[in-house]
1. To the nearest 500 deg cm²/dmol, what mean residue ellipticity at 222 nm is calculated for chain A from DSSP H runs of n ≥ 4 alone, each contributing -39,500 (n - 2.57), summed and divided by the residues?
2. Extending each Cα 7 Å along its Cβ direction at A:Q49 and A:L241, get the distance between those two points in nm, one decimal.
3. For segment B:260-379, divide the Cα radius of gyration by the Kirkwood radius and give the resulting Rg/Rh value with two decimals.
4. Based on the alpha-carbon gyration tensor of chain A and its eigenvalue square roots a ≥ b ≥ c, which shape applies: rounded if a/c is under 1.5, prolate if not and a/b is larger than b/c, or oblate?
5. Starting from the 7 Å offset along Cα-to-Cβ, what nm value, one decimal, do you get for the label separation of A:K199 and B:R370?
6. Quick one: net charge around A:A277, please, counting Lys, Arg +1 and Asp, Glu -1 for every other residue with C-beta under 15 Å from its C-beta.
7. Could you give the length gained by full extension between B:A33 and B:S109, i.e. 0.36 nm per residue of separation minus their alpha carbon distance, to one decimal place?
8. List the aspartates and glutamates whose alpha-carbon lies under 14 Å from that of B:K21, not counting same-chain residues fewer than 8 positions away?
Amino acid sequence: MDHRFSPQQEALREKTRAFVKEEIPEEKAAAVEAADVFPHDLMAKLAAQGFFALNVPRDYGGDGGTVVEEMIFFEEISKALPVLAWTAGDVILYGSNIIKTNGSQAQQQAYLPRLVKGEMLFCFALTEPDAGSDAASIQTAADPVDGGWVINGNKMFISGASAAHIAVTNTRTAPSKYQGITAFLVDTGSPGYKAIPIKKLGYKGSDTCEVVYDRVRVAANDILGGPEGLNQGWPQMMRLLNGERLVLSACALGIAERIFSHLIPFVRQRSAAARPAGRYQDIEHRVVELVTEVEAARRLAYYAAWRVTEGKPSVKETSMTKYLCAETAKKVAVEAMRIMGNHAWAVQSSVQRFFRDVPILSVGGGTSQIQKNIIAKTLGL
Amino acid sequence: MSEITLENKMVREAIRDWVAKECPRDNIHEWDAADRFPDTLGKKLARLGFCAMTVSEENGGEGRNIQGACIVAEEIAARFLPLARWYTHQAFLGGLVLEALGSPIQRRSLAAEAARGRWLVTPAGIEETQAEMAVYRLGDPQGQPETFLVHGEAAFVTLADQAQCFLVPARAENPGGAVTVFLVPADRQGVAVAAVPKIGCRGAGYGRVALDGVALGADDILGGGEARDRGEAAWQRIVAVCRLMTAAEALGLARGVFDYTLTYARQRIQFGQAIGKFAALRNRFAEMSCDIEAAGLLVAQAARCADSDLAFHREAAAARLKAGEAALRCAMQGLQIFGGYGYTMEYDVQRYVRDAAGLGAAADGEEAARDHIAALLGL
Ligand SMILES: Cc1cc2nc3c(=O)[nH]c(=O)nc-3n(C[C@H](O)[C@H](O)[C@H](O)COP(=O)(O)OP(=O)(O)OC[C@H]3O[C@@H](n4cnc5c(N)ncnc54)[C@H](O)[C@@H]3O)c2cc1C
């Protein structure tokens, strides 16, 4: 077992840290959150510094990185501005990853070079008002018309849906629950496509939307993977899940780490001033437990990533990682609110921002309960 | 709980109906966003006599029924914590504390005002460590009558912008000086309040209160001139009252978010069944309901002690701890059970989460409550 970071990966971490330090001071992060609009300016800066090349194959002008590179990037960005990790995901995950994994050659040629340059944004539209955890029960319909397709239906909680150029839209094309789903690359400029942003507790600026498809026309070639992709939506998605779980886990790790950077100095200062001395022992121990749990979660996360890059079976490990990282980071945030009290509850504290961001990580990308269902299955339960 | 009186059952029904009518969830959305609720709400509560439940008839109240007042706080908090805070600061800190610890004049005038909902009192200094407590020194020694000049600062004072009066513990300036609790009128010269916006309990604002040589007389001492330098026990009693009211508020929040989530879990269908039927959620509901019931018993016990004029410091600390934990746990579980919908501002569960997130610090904080209980164990 060898999952040390390569020198290139260490360099990527340093480069991302430098970006964060330079471009996302605390005031900037607070401003993005307060404005609740998609951070186009920071996205342009990420593109200019070449970050969107990180997971694109070299043939298409990318750096050829794996899920480990993605995690490093998402972890470091999340330490400053979690929502920027998500909006970058509109390029790195919903764009490049989907296209490089499931796109036809023509689609790869058309999109990957532009994704590298940050010229395009994608979003991934699966969830519907009545199909969340039970994602395969989607009802949005695609019907064949005049050699192409027409899409009708509603999607819910689609991140980046009003900013994106392409909405990877999962539709029902046959009755079979799992073998009747087809993903289309829908041009969001098409007549009949409408995305309405949703106000939410955290991750503000993610442009998470309700989307209406009213007779949206798409060509047969716009099926993800080309015409052969018909009814292949579910297996295509399965190929992406390990990566998505790990990347979301990296976001959780970054958030937890950043909360520690506020919590530890706070406790240190209180502890030093406490009378009688030692009064803070219990709180110090609580902090120690949290730091230990995050360290363990982080080890599991990069171990699972190593398994993925080695091509080993890893559904169990990535699902374990997803639930453990999300739940642990949530616990860190809740404990920080308890320990720091009013100092964290005040609007001016960035701890409250992370506290509001973190709970979605145990819901999006498959809830903790769903991850446990998957793990239980791998255990033969 | 078998000891809940018929009267208090009726109190619960009355306040529950009132909350349902006067605090529609749509209006609460607006109040939460604006960080302010209409003044008329408090006036209506007072007119119905709810604020008078902590003050005896001889001092202008309707007879002391602290258990009933806890029920009122709980029921309001189940829907809208900020208004419950307003209520407890009026009825408990304005009414109960003044009647228990005030001088005869203070009892008759101020407790009575609180019973009418017109005398909102908030402690300023409760968060501070002893080292940071306000200090007082004697004003002009030749001056008649005696004056005291109070200096100090409190960082997160609840309802500071609405309060008529701050309860301020201050030490005499000499080393090891004893504590006096002052009633500092909010409009007195030298009092400055700066708003501190927070993410939860919006509408019951926080303020940083600075006292810069505020001149006070013996009448401004809680308990009058004789209580000067004898405020330590009074302050402990005030802290206990704060814990009791926080416990009632937290209990209400826990119940509110629980009911709200249960309704949702019965309706939301995934994989062909109501999500509440999945054992992983079903058992969480069972646990939450036990947590709430246990916290409810502790709150009732502390309130009963208070009604019987027994010391309730330990009971209030225990109730505050367990109810606070239940509230935070129920809110976080609720958020998870709501899935993506819980994350949207359209549903109330996110508001319960933001409100609950501040409970750890309320009323002197969880740590101080643990400390108090451990000390009583001789540790
Ligand atoms: C901010 C945000 C961004 C999002 N971005 C996207 C996006 O870009 N694209 C997209 O397609 N979707 C997106 N989603 C949707 C997200 O993936 C779903 O919210 C998630 O899958 C859960 O579905 P749900 O919200 O309908 O919850 P539900 O499925 O209704 O779940 C509610 C509760 O029931 C539990 N539950 C459900 N089924 C079971 C079971 N079988 N056993 C035990 N417990 C169960 C869940 O764990 C949860 O606690 C986003 C959501 C949010 C809030």
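The values are calculated or read from the model by the stated rules, or taken from the named source; none is laboratory data. This structure is a prediction, so every number in the text was calculated from the model and none was measured. In this analysis, Cβ positions are derived from the backbone assuming ideal geometry, glycine residues included, and neighbour counts consider all displayed protein chains. Calculation scope for accessible area: heavy atoms of the full protein, side chains included, ligands and nucleic acids excluded. Shrake-Rupley method; radii C 1.70, N 1.55, O 1.52, S 1.80 Å.
1. Values: 13 runs with 194 residues, N = 381.
After summing the helix terms and dividing by residue count, I get -16500 deg cm²/dmol.
2. The answer from the label model is 3.4 nm.
3. On the way: Rg = 17.3 Å, Rh = 16.0 Å.
Dividing the radius of gyration by the Kirkwood radius yields 1.08.
4. Working: a/c = 1.76, a/b = 1.72, b/c = 1.02.
Prolate.
5. 3.7 nm
6. Details: positive: A:R268, A:R270, A:R275, A:R279; negative: A:D282, A:E284, B:D371.
Once positives and negatives cancel, what remains is +1.
7. On the way: separation 76, 0.36 × 76 = 27.36 nm, distance 3.63 nm.
Net length gain for the segment: 23.7 nm.
8. By straight Cα distance, B:K21 reaches B:E13, B:E75.
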